[in-house]
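Asks: Handing you this structure, nothing more for now.
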Amino acid sequence: MYPYAIPFWKEAPFVRLLVPLIVGICLQKYLHLNFFFIVSCIFLDLIVVLAYNLFSISFQYKWRKIHAAFILLLVFFLGIFLKYNNNLSNNNYWYGNHFSEGEAMLLRIDEPIVLKSAIVKTTASVKAIVKQKSIIRCDGKIIIYIRTKKAESVVKYGDFILTYKLPRKIRNAGNPGSFDYQQYQSDQQIYDQLYLNDNDYLQLNFINKSKLIGFIIYLKNHTISILKKYIHHPSELGIAEALLIGYKNDLDNEIVRAYSKTGVVHIIAISGLHLGLIYFLLIWVLDRIPIIKKSKSIKCTIVILSLWMFSLITGSSASVLRSAVMFTCMAFGKLLNKESSIYNSLCASAFILLVYNPNFLWDVGFQLSYMAIIGIVLLQKPIQHMISTNGFVQRKLWEMTSITLAAQIFTFPICLFYFHQFPVLFLISNLVSVPLSTMILFMEIVLISFSGVPVLSDFVGLLTVQSIKLLNGYISFISNLPYSNIDHIYSDFMSTVILYAFLITVILLCFRKNKFYLKLSLIGLSIFCCCVTIAAIRINFQKKIIFYNYSKKNVIDFINGNNYYSNEKFNGSDNNNIYGSVLLPARNYYGSSTESIHLNEFYRKDNIFQFYNKIILVLDTFVKYEPITKPVQIDFLYISNSPRIELSAILHTVRPKVVLFAASNKISFLKKWKQDCDKYRLCYFSIKERGAYVCEID
């Protein structure tokens, strides 16, 4: 080490502050400490930190490390407090603490409506609860679904409505491995949803909306209308909207699947890449305007305002906000003629975002975004220097390749954990798609800026359409190549943590060339291999029956090791939806990747299934069973599609241990069957109400 080298933690002080903040946020998420304890700890810690300044300089110097530890402890308790305060249900004004049946809710529509299949979806704020003799001011958000026949006159942003309808708790379908929608909405501080018809609410004749948000919505709608004017085909339009402003309602599912398989889905998810391109474009343009070029303050103001306006228009996702904060710090640094450490800027932006919303820590985009940037900062230069190139084109291609490799190295453990797939051809797809999407983004900006100039806008619009066609065609071609993607990769939280530990030790070994890091990396690799081996053994010996929660199809999976058999075959768009959102996540979750026509110890005859020692009878239509002297003992009676049957008559023929009610049954039928089960003392399980039913076979 050089005698005057500055330690890393002094170059990037926010690293020291970020770690205890994250630990505090995580601790509160899982321990749920009470308010009095949190405030008491903060108060006592603050007293110690402030009292330190009352002592002599010699005392302060002697105990400076202890003082620093108490400051970090204060940040730790700050993280706990932020997470507690972020939970709106802890607030006395939260509507859930006041609302009860028979009372009315006063709601304000907070977002533009999204109309699909005669159902309007939007988000509203609860402003008050109207009781018989009083009005209680409240707070909180709620998702609203309105089934309507008059879409043109339905509510819009800023409208107030009054309704007596009871909200329902947001619940997951409970299918194994599926997206945790309840937790996702809880992170947005939304816990309930409201289902309305046209006559279930009263629209009031006054409007209250923010001028800034109204202006942003106007800009977004204006941008979409211009794009629709020049881009007519749905697949190209969806990509254009997602690429420019992050609007995803018109995206084609097949196109999204192709982008995901090839590892370029970040192109259509507004991220730091887009903000970085706009930042450098703004700098380049402003440096060529004489009046603005001479004034750093004007240039800095224009850049920062433009970046934040773009962030607000695109929906303010975690990755966009991260980039906006980081580029804002960079712009201020240039204004003050200071170049700060990139690590400090990264940690500062993460610190600010987590103070703003601690739940960003569990946002996949937030995690991938920061891991990609850390990978690029750490590894891009070393990878680039591994191969020397002479020509300009070769040098730029290798530079882009090194950036892609560096980002992929640090993000692939997270991708395996969340998506259970690895895009083998990510280099080939990124080398073409990133520069091409950059060109498309700039062309869209030109198209929006000069939409009032007919000849120029027509030409740019045509060029944009053809470029998006080329991009979609290239991505589809790559995704259809053999072995372009490895899927069904099993990964859990522990293996992901160990994989990251192994990666970090290998990187330290490459940088430091120390035997200690070699030993650590070998230990990490050994532990990772043990975890994978134990998981493989567990998967190989598993035997399960999964009754899925899906209202449109009655699907049962029989899993034996890494093989599975399903009672249903799938074709068509609806089946693609169930496959991608229900079946594939569950099979990845259990590490079952191979479909088998003939499972061991599995037999099927009509609606009767036997898997090892478990017997299942499926009733999905009306069947008349003749009574017998001694009813046949079965394990599961699975009733679906609301057959008009009397459960008492069925019990004269079969006697089930558990009666399962599929999600496809009508609620009115369920009530009658539940009463019959209670009458005959039968165990029952409603999949629609309680989620998927998983039977473990010993």
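The values are calculated or read from the model by the stated rules, or taken from the named source; none is laboratory data. Predicted, not measured: the structure shown is a model, and the values here were computed from it. For neighbour counting, all protein chains shown are included, and Cβ atoms are generated from backbone atoms with ideal geometry for every residue, glycine included.
Asks: Please go through segment 444-461 and pick out each residue that is part of a helix (DSSP H, G or I) and either surrounded by fewer than 19 Cβ atoms within 10 Å (Cβ to Cβ) or among the hydroxyl-bearing types (Ser, Thr, Tyr) (or both).
Replies: The answer is Ile445, Val446, Ile448, Ser449, Pro454, Val455, Leu456, Ser457, Asp458, Phe459.
Asks: Follow-up question, since we're still on this one. In this structure, does Phe70 turn out to be at pLDDT below 90 and not assigned by TED's automatic domain parsing to the domain that holds Ile190?
Replies: Spelling it out, it is not the case that Phe70 is at pLDDT below 90 and not assigned by TED's automatic domain parsing to the domain that holds Ile190.
Yes/no matrix, rows are residues, columns are (1) crowded, with 17+ Cβ neighbours inside 10 Å; (2) touching a residue at least 24 places away in the same chain (Cβ under 8 Å); (3) not in a loop (DSSP other than H, G, I, E, B):
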residue: Gly177; (1), (2), (3): no, yes, no
residue: Leu194; (1), (2), (3): yes, yes, yes
residue: Asn205; (1), (2), (3): no, no, yes
residue: Ile213; (1), (2), (3): no, yes, yes
residue: Ile224; (1), (2), (3): yes, no, yes
residue: Leu227; (1), (2), (3): yes, yes, yes
residue: Glu236; (1), (2), (3): yes, yes, yes
residue: Ile239; (1), (2), (3): yes, yes, yes
residue: Ala242; (1), (2), (3): yes, yes, yes
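Asks: Test Ile283 against the criterion of being under 28 Å from the mean Cα position of the chain (by Cα) and either hydroxyl-bearing (Ser, Thr, Tyr) or more than 21 Å from Ala407 (Cα to Cα) (or both), and give yes or no.
Replies: no
Asks: A follow-up question, please. Is it the case that some residue within segment 654-676 is over 35 Å from the mean Cα position of the chain (by Cα), on the phi < 0 side of the Ramachandran plot and part of a loop (DSSP other than H, G, I, E, B)?
Replies: no
Asks: How about segment 279-302: which of its residues are in contact with a helix residue (DSSP H, G or I) (Cβ under 6 Å, 6 or more places away or on another chain) and closer than 26 Å to Glu241 by Cβ?
Replies: Of everything in segment 279-302, those that are in contact with a helix residue (DSSP H, G or I) (Cβ under 6 Å, 6 or more places away or on another chain) and closer than 26 Å to Glu241 by Cβ turn out to be Tyr279, Leu282.
Asks: Looking at Gly177, Gly140 in this structure, which one is at pLDDT 85 or above, closer than 28 Å to Ala663 by Cα and under 26 Å from the mean Cα position of the chain (by Cα)?
Replies: Checking each option against the conditions leaves just Gly177.
Asks: Another question about this same structure. Please go through segment 144-175 and pick out each residue that is in a strand (DSSP E or B), crowded, with 17+ Cβ neighbours inside 10 Å and hydrophobic (A, V, I, L, M, F, W, C).
Replies: Ile144, Ile146, Phe160, Ile161 - these are the residues of segment 144-175 that are in a strand (DSSP E or B), crowded, with 17+ Cβ neighbours inside 10 Å and hydrophobic (A, V, I, L, M, F, W, C).
Asks: Cβ-Cβ under 8 Å, sequence separation 6+ or interchain: first residue in segment 73-87 and in a helix (DSSP H, G or I), partner of a type in the set (Lys, Arg). Which pairs?
Replies: Sorted first by the residue in segment 73-87, then by its partner, the pairs are Lys83/Lys29.
Asks: Answer with yes or no whether Lys299 is part of a helix (DSSP H, G or I) and at pLDDT below 80.
Replies: no
Asks: Can you tell me which residue in segment 677-696 is surrounded by the fewest Cβ atoms within 10 Å (Cβ to Cβ), limited to those that are of a type in the set (D, E, K, R) and not in a strand (DSSP E or B)?
Replies: Arg681
Asks: Also, I was wondering about something else. Taking the stated definitions as given, is Ser178 among the small types (Gly, Ala, Ser) and either under 30 Å from Leu361 (Cα atoms) or touching a His at 6+ places or on another chain (Cβ under 9 Å) (or both)?
Replies: Taking the combined requirement at face value, the residue satisfies it.
Asks: Condition check: among the acidic types (Asp, Glu), farther than 26 Å from Asp180 by Cα and modelled with pLDDT under 90. Does Glu595 satisfy that?
Replies: No; evaluated as a whole, the condition is false for this residue.
Asks: Hey, any hits in segment 635-654 for a residue that's at pLDDT 90 or above, in contact with a Phe, Trp or Tyr (Cβ under 6 Å, 6 or more places away or on another chain) and not polar (S, T, N, Q)?
Replies: The answer is yes; a qualifying residue exists.
Asks: Search segment 381-429 for residues being outside any helix (DSSP H, G or I) and without any contact (Cβ under 8 Å) to a residue 24 or more places away in the chain, and hand back the single one that is surrounded by the fewest Cβ atoms within 10 Å (Cβ to Cβ).
Replies: Asn390
Asks: Test each condition in (1) modelled with pLDDT of 90 or more; (2) in the same structural domain as Val19 (by TED's automatic domain parsing) for Asn53 and report the one that comes out false.
Replies: (1)
Asks: Still on this structure, I have one more. Do you know which residues across segment 45-101 are surrounded by fewer than 17 Cβ atoms within 10 Å (Cβ to Cβ), touching a helix residue (DSSP H, G or I) at 6+ places or on another chain (Cβ under 9 Å) and of a type in the set (Asp, Glu)?
Replies: Within segment 45-101, none qualify.
Asks: Being more than 21 Å from Gln203 (Cβ to Cβ) and in a strand (DSSP E or B) is the filter here; which residues of segment 117-136 pass it?
Replies: The answer is Ile136, and nothing else.
Asks: Would you point out the residue of segment 88-113, among those that are within 19 Å of Asp200 (Cα to Cα) and in a strand (DSSP E or B), that is farthest from the chain's Cα centre (by Cα)?
Replies: Within segment 88-113, the match that is farthest from the chain's Cα centre (by Cα) is Ala104.
Asks: Ok, one more. Would you say Ser648 is surrounded by 19 or more Cβ atoms within 10 Å (Cβ to Cβ) and of a type in the set (Ser, Thr, Tyr)?
Replies: No.
Asks: What are the residues in segment 199-212 that are touching a strand residue (DSSP E or B) at 6+ places or on another chain (Cβ under 9 Å) and either within 13 Å of Ile142 (Cα to Cα) or modelled with pLDDT of 85 or more (or both), if any?
Replies: Asp200, Tyr201, Leu202, Gln203, Leu204
Asks: Further question: Please verify whether Ser317 is over 21 Å from Ser449 (Cα atoms), modelled with pLDDT of 85 or more and surrounded by 15 or more Cβ atoms within 10 Å (Cβ to Cβ), treating the condition exactly as stated.
Replies: no
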